[in-house]
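Comments concern the structure below.
The values are calculated or read from the model by the stated rules, or taken from the named source; none is laboratory data. Nothing here was measured: the structure is a model prediction, and the numbers come from that model. Backbone-built Cβ (ideal geometry, glycine too); neighbour counts: all protein chains shown. Ligands, DNA and RNA are stripped out before the accessible areas are found, and what is left, the full protein with its side chains, is counted by its heavy atoms. Shrake-Rupley method; radii C 1.70, N 1.55, O 1.52, S 1.80 Å.
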Amino acid sequence: MSAAPMELLRKWLGHPEEIYNLLRFKMGGCRAVMPRIDPDSLGRGLRTCYRYLNQTSRSFAAVIQALDGELRHAVCIFYLVLRALDTIEDDMSISLDVKVPMLHEFHSYLYQPEWKYMESKEKDRQVLEDFPTISMEFRNLSKVYQEVISDICHKMGVGMAEFLEKKVDSQHEWDKYCHYVAGLVGIGLSRLFSASELEDPIVGQDTELANSMGLFLQKTNIIRDYLEDQLEGREFWPKEVWSRYAKKLSDLAKPENIDMAVQCLNELITNALHHVPDVLTYLSRLKNQSVFNFCAIPQVMAIATLAACYNNKQVFRGVVKIRKGQAVTLMMDATNIQAVKAIMYQYVEEIYQKIPSTDPSSNKTQQVIASIRAMSLPGGPMASRHHYSPIYLSCAMLLAALSWQYLSTISKATEEYVQAGEN
């Protein structure tokens, strides 16, 4: 065998349960978690919207289509409207004197049947060029959904405009930026869940918990994507934190600064972990299975990603990603609150075992982990979800040895389903 297959085999032999879950996912388990919608059941406009959804984010398309009833269409349109808004924000070819008013007024375009924008150079420009189709389907939604989507779009546009020429300095501003780009999404989705009556009114009313859901995901992405953002000239780590470890944020990527860089990384991960108790409280309130899966899967992906990043020099050298089999296992396990608590417990324990005694944030990290432990002490059947019989392990290892090439193909085929936490 060449080096690449041997490395693949080594990873699978270390995690035999992931082989089983990859196979189970490929053989139909994915449909139990994320059933597909029948396109023939949709009108032309909605069919077009779901096509755009698949083109702009195949991973989100999979989880959105698993939602129940009319909520599915409302969330699809919500996603496309925010994708169009985000495309305007990201397009560096649009001058600020044009972009700022567009961001402020974007919510009003939802009620202008002919409005579209044909000058974008971004890869997702089709959502702007065919915005009349999206806005038409928006206006076909129930008024209660329209009000939520328009309100969140307005607030997000204002927030995006505020940070166009403003860097994230304080930790307060970090929270504020993450609120605008992700917390508002959590709040909007929660209001849609309640409006559909699939969830209780409290889910949409408790904006603090909904905001934490978004902040936990956004902070995880910002932490993980340090190097990618640096290479593209973007800075999202708060200066209040990184300035204690380096003169410039880019200095953290220099080999001679790696020890200070990792300490900075650990402090930001500790900050993000403070949202986990809110995440668990939020998820414990959900009643509908499709809504629970939709909300829980990205959160368990995030905690696994933070565990992989914690105290890891690789964040400053390349890309840190969770394994495909690991992601599939998380997706198939995270279907009830006890399972999610067990997963959270597992990964904060993994972080706890890696806390360096010399780390400046070690006490704070231990404290936040203690609070998460208190909420997620394993007591249910999922607490032992990785215990397998010796016979099963032997069979799994034999299967890995014989089938690494086939499983590699499966791993690639499932990629579209397992990156929801990365988008």
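For the reader, a short list of remarks on this structure follows.
- Failed criterion for PHE138 (all others in (1) farther than 12 Å from VAL81 by Cα; (2) buried (at least 17 other Cβ atoms within 10 Å of the Cβ) hold): (1)
- The single condition among (1) on the phi > 0 side of the Ramachandran plot; (2) touching a residue at least 60 places away in the same chain (Cβ under 8 Å) that SER196 does not satisfy is (1).
- Restricting region 180-216 to residues that are in a helix (DSSP H, G or I) and open to solvent by 50 Å² or more (accessible area, probe 1.4 Å), the residue that is farthest from LEU67 (Cα to Cα) is GLU208.
- Taking the criterion of being under 25 Å from GLU199 (Cβ atoms), touching a residue at least 60 places away in the same chain (Cβ under 8 Å), open to solvent by 20 Å² or more (accessible area, probe 1.4 Å) and in a helix (DSSP H, G or I), the residues of region 256-287 that qualify are PRO277, ASP278, THR281.
- Helices (runs of 4 or more DSSP H) wholly inside region 288-381 containing at least 2 residues that are in contact with a helix residue (DSSP H, G or I) (Cβ under 7 Å, 6 or more places away or on another chain) and within 23 Å of ASP259 (Cα to Cα): 289-309, 337-354, 362-376
- Extreme residue, most open to solvent (accessible area, probe 1.4 Å), among residues of region 104-135 that are without any contact (Cβ under 8 Å) to a residue 12 or more places away in the chain and out of contact with any helix residue (DSSP H, G or I) (no Cβ under 7 Å at 6 or more places or on another chain): LYS123
- Residues that are modelled with pLDDT of 85 or more, under 23 Å from the mean Cα position of the chain (by Cα) and of a type in the set (D, E, K, R), drawn from region 28-69: ARG51, ASP68
- Counting only residues that are under 18 Å from HIS275 (Cα atoms) and either modelled with pLDDT under 95 or surrounded by 20 or more Cβ atoms within 10 Å (Cβ to Cβ) (or both), region 150-174 holds 1 of them.
- Residue count for region 217-238 under the criterion of being among the acidic types (Asp, Glu) and either surrounded by 24 or more Cβ atoms within 10 Å (Cβ to Cβ) or in a helix (DSSP H, G or I) (or both): the result is 2.
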